Amino acid sequence: MEDQEMQLKVRRVSDKFTESMYVLANEPSVALYRLQEHVRRSLPELVQHKTDMQSWEEQSQGAIYSVEYACRFVGLLLSRICMQPPATSHQHEGADKHLSRTQSLCCCFACLIHLIFLMTVLCPRV
């Protein structure tokens with residue numbers, strides 16, 4: 001009889017001890033400690049990601065500016081080519097001051113090639 005009583009008491013003590021450990025393991029301060037540990041481990045990686053994103057944003061802004069500038073330049077050249085009358089024999093004196101239509105087209109194609117380069121190399125697809 002005493003043996004069963006002893007087993008019952010041991011079981012109660014064991015159950016109470018298990019319950020106390022469970023309460024301690026799930027106490028809010030322990031949860032906050034675990035949260036702090038997670039933040040401490042994750043923060044350096046998040047800071048690195050933020051730095052990388054800022055760097056990529058700066059590079060993208062530079063590339064966007066270059067592409068917009070090239071597009072404006074090509075548009076100006078094209079409008080100038082379209083509005084420029086064909087050269088006649090008496091206009092050759094001022095030909096040095098203005099680009100000929102052929103030179104303008106060559107310049108325009110060079111800008112287009114530069115634009116394609118900027119779009120493919122500086123802004124690769126992810």
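For this structure, a couple of remarks:
- For segment 24-79, the share of alpha carbon pairs falling in successive 5 Å distance bins from zero is 4, 16, 10, 11, 9, 8, 8, 7, 6, 6, 5, 4, 3, 2, 1, 0 percent.
- Neighbours of residue 51, meaning other residues whose beta-carbon lies under 15 angstrom from its beta-carbon, give a summed charge of -3 when Lys and Arg score +1 and Asp and Glu score -1.
- Integer Hz, Karplus 6.51/-1.76/1.60 couplings in order for segment 37-53, x for Gly and Pro: 4, 4, 5, 4, 6, 8, 4, x, 5, 5, 5, 5, 4, 5, 4, 4, 5
Since every read-out is calculated from the coordinates, none of them should be taken as a lab result. The model shown is predicted, which means the values in this text are computed figures rather than measured ones. Ideal geometry is used to build each Cβ from the backbone, glycine not excepted, and the neighbour counts take in all protein chains shown.
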